[in-house]
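Colleague: This is the structure I want to talk about, given as structure tokens.
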Amino acid sequence: MVSFDRFTLTNGLRVLVHQDNATPMAVVNVLYDVGARDENPDRTGFAHLFEHLMFGGSVNIPNFDGPSQVAGAQNNAFTSNDITNYYITLPAANIETAFWLESDRMLGLAFNEKSLEVQRNVVCEEFKQRYLNQPYGDVWLRLRPLAYQVHPYRWATIGKELAHIEHAKMEDVKDFFATYYTPANAYLVVAGNVETATVKALAEKWFGPIPAGQKPRRQLPVEPAQLAPRREVVHADIPQNAIYMAFHGAARRDSGYYTVDLITDLLSQGQSSRLYRRLVKENQLFSEISAYQTGSMDPGLVVVEGKPLPDVTMEAAEEAIWRELAELRSHPIEPYELEKVKNKIESTMVFAEMGILEKAMNLAYFELLGDADGFNHETQRYLAVTEADIQRQAQQLFRKENSSTLIYLANDHA
């Protein structure tokens, strides 16, 4: 169990404190309830661009990394389609430095053309290198709009297209900041060798004076049920053919999320999993294959992806995947099979409770989901899943009309 205290500042900032005296370190984690799904369809990639801009300096601290390094801190951030998360790990004795740094950029990020130009170039270069100029790099630029027709999950966190970042204007950036980077839209978690009274005093001192702002009201279009299979074939300069099959699945708060997670583990968790054992080892059809779910706040995707061996036709490879999914639909799994993946989940959850950074990030995320204490009950939710739940969810998931298939054919195989 991960214990914590919770309080809320008058400006709406929710603060959680987890005390762990076994370490001399502390983590200050700030989660903003904003991700790529909150972007204007004509100006995508802003949440990710902002992750970079937040390290470009604030009004009172032009060089974010300077004071951070002096305090012996390490800092980083990540953006998803749902959230943006920043964290600083440092000796607990220097924790006030982290409060100073995070509060100052929440209060007054330095908006200047030079910083915008620098970070815009960095993000554009990342877009080119990771998504446009490497084999299979554009998978999510293709698979998302294939699977989603109206929901903003139809674009990747990096953005829908490079031009949206290239043409990002200062007024758009300022509007995005004013809308989403406010105490009312943030969660602060402090974990490590700290005391709640100290954290409360520091939170009041550094974050208390920041104007609350308004909690944005999210009104996203609901993705309609998919009624027919979708398909795209891409001929590209790639080392070998590849297949990506996406199915509409559960939202993160749905009870079915846990069943779907166990299904993907049954299919591809380890060398004894169904897809690996049958399609890689026994039948030697694929060089690699995996299954996973995106775990999105709104209904996400379950993806099966694999690379067939050179002498295997794409038709044979695709048919083999469907055979395995059909078996999961039509036959109850053995109890030992479910027990195995549940045991793996249990060990994973235990590991997630060990490091203060993992605990801080998980507490912030589960507080966003509704209650940080939910993190302490995750294992039980997985353990409650039955064999019947697995089969019922598989029957709902793995239907042809619920599938979006993206196929890459190497040019020399075309």
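The values are calculated or read from the model by the stated rules, or taken from the named source; none is laboratory data. Here the structure is a predicted model, which means the values were calculated and not measured. Quick reminder, even Gly has a Cβ in these numbers, built from the backbone with ideal geometry, and neighbours come from all protein chains shown.
Each row is one residue, and each column tells you yes or no for (1) closer than 20 Å to Ala191 by Cα; (2) surrounded by 13 or more Cβ atoms within 10 Å (Cβ to Cβ).
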| site | (1), (2) |
| --- | --- |
| Pro310 | no, no |
| Trp322 | no, yes |
| Leu328 | no, yes |
| Met349 | yes, yes |
| Glu353 | yes, yes |
| Lys359 | yes, yes |
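Colleague: Please pick out the residue among His52, His48 that is surrounded by fewer than 20 Cβ atoms within 10 Å (Cβ to Cβ), under 27 Å from the mean Cα position of the chain (by Cα) and part of a helix (DSSP H, G or I). Lay out the reasoning, then the answer.
Modeller: Details: His48 fails: surrounded by fewer than 20 Cβ atoms within 10 Å (Cβ to Cβ).
Every option except His52 fails the conditions.
Colleague: Next question. So if I check each of Tyr153, Tyr187, which one is hydroxyl-bearing (Ser, Thr, Tyr) and touching a strand residue (DSSP E or B) at 6+ places or on another chain (Cβ under 6 Å)? Give the steps one after another, and end with the answer.
Modeller: On the way: Tyr153 fails: touching a strand residue (DSSP E or B) at 6+ places or on another chain (Cβ under 6 Å).
Answer to the check: Tyr187.
Colleague: Additional query: Of the residues in region 76-95, how many are without any contact (Cβ under 8 Å) to a residue 24 or more places away in the chain and in a strand (DSSP E or B)?
Modeller: Qualifying residue count, region 76-95: 1.
Colleague: Before we move on, is Ala246 surrounded by 21 or more Cβ atoms within 10 Å (Cβ to Cβ), hydrophobic (A, V, I, L, M, F, W, C) and either in contact with a Lys or Arg (Cβ under 8 Å, 6 or more places away or on another chain) or outside the structural domain of Gly370 (by TED's automatic domain parsing) (or both)? Explain how you work it out, then say what you get.
Modeller: Details: surrounded by 21 or more Cβ atoms within 10 Å (Cβ to Cβ): yes; hydrophobic (A, V, I, L, M, F, W, C): yes; either in contact with a Lys or Arg (Cβ under 8 Å, 6 or more places away or on another chain) or outside the structural domain of Gly370 (by TED's automatic domain parsing) (or both): no.
In short, no.
Colleague: Hey, can you tell me all the residues within region 85-117 that are closer than 27 Å to Ala197 by Cα and of a type in the set (S, T, N, Q)?
Modeller: Of region 85-117, the ones closer than 27 Å to Ala197 by Cα are 85-108.
Matches in region 85-117: Asn85, Thr89, Asn94, Thr97, Ser103.
Colleague: When the residues of region 319-364 are narrowed to those that are assigned to a loop (DSSP other than H, G, I, E, B) and aliphatic (A, V, I, L, M), which ends up modelled with the lowest pLDDT? Outline the logic, then answer.
Modeller: Taking region 319-364 and keeping what is assigned to a loop (DSSP other than H, G, I, E, B), we get 331-334, 353-355.
This time we only want the ones that are aliphatic (A, V, I, L, M), so: 333, 354.
Numbers: Ile333: 94, Met354: 79.
Checked region 319-364; the qualifying residue modelled with the lowest pLDDT is Met354.
Colleague: Let me ask something else. Six or more apart or on different chains, Cβ atoms under 6 Å: show the pairs whose first residue is in region 171-197 and at pLDDT 95 or above and whose second is among the basic types (Lys, Arg) and part of a helix (DSSP H, G or I).
Modeller: Going by the 6 Å Cβ cut-off, the qualifying pairs are Ala191/Lys359.
Colleague: Find the strands (runs of 3 or more DSSP E) located wholly in region 153-262 whose residues include 1 or more that are under 18 Å from Leu143 (Cβ atoms) and touching a Gly at 6+ places or on another chain (Cβ under 7 Å), and list them. Spell out how you get there, then give the answer.
Modeller: Values: elements: 186-192, 230-236, 242-248.
Once the strands (runs of 3 or more DSSP E) in region 153-262 are filtered for at least 1 residues that are under 18 Å from Leu143 (Cβ atoms) and touching a Gly at 6+ places or on another chain (Cβ under 7 Å), what remains is 242-248.
Colleague: Quick check: anything in region 42-52 under 17 Å from Glu353 (Cβ atoms) and assigned by TED's automatic domain parsing to the domain that holds Val123?
Modeller: Let us first name the residues in region 42-52 that are under 17 Å from Glu353 (Cβ atoms), namely none.
No, every residue in region 42-52 fails to be under 17 Å from Glu353 (Cβ atoms) and assigned by TED's automatic domain parsing to the domain that holds Val123.
Colleague: Then there's this: What are the residues in region 145-165 that are touching a helix residue (DSSP H, G or I) at 6+ places or on another chain (Cβ under 6 Å) and among the charged types (D, E, K, R), if any?
Modeller: If the condition is that a residue be touching a helix residue (DSSP H, G or I) at 6+ places or on another chain (Cβ under 6 Å) and among the charged types (D, E, K, R), then Arg154 is the only one that fits.
Colleague: Let me ask something additional. I need the full set of residues from region 249-282 which are within 19 Å of the chain's Cα centre (by Cα) and surrounded by fewer than 18 Cβ atoms within 10 Å (Cβ to Cβ), in order please.
Modeller: Within region 249-282, Ala251, Arg252, Arg253, Asp254, Ser255 meet the criteria.
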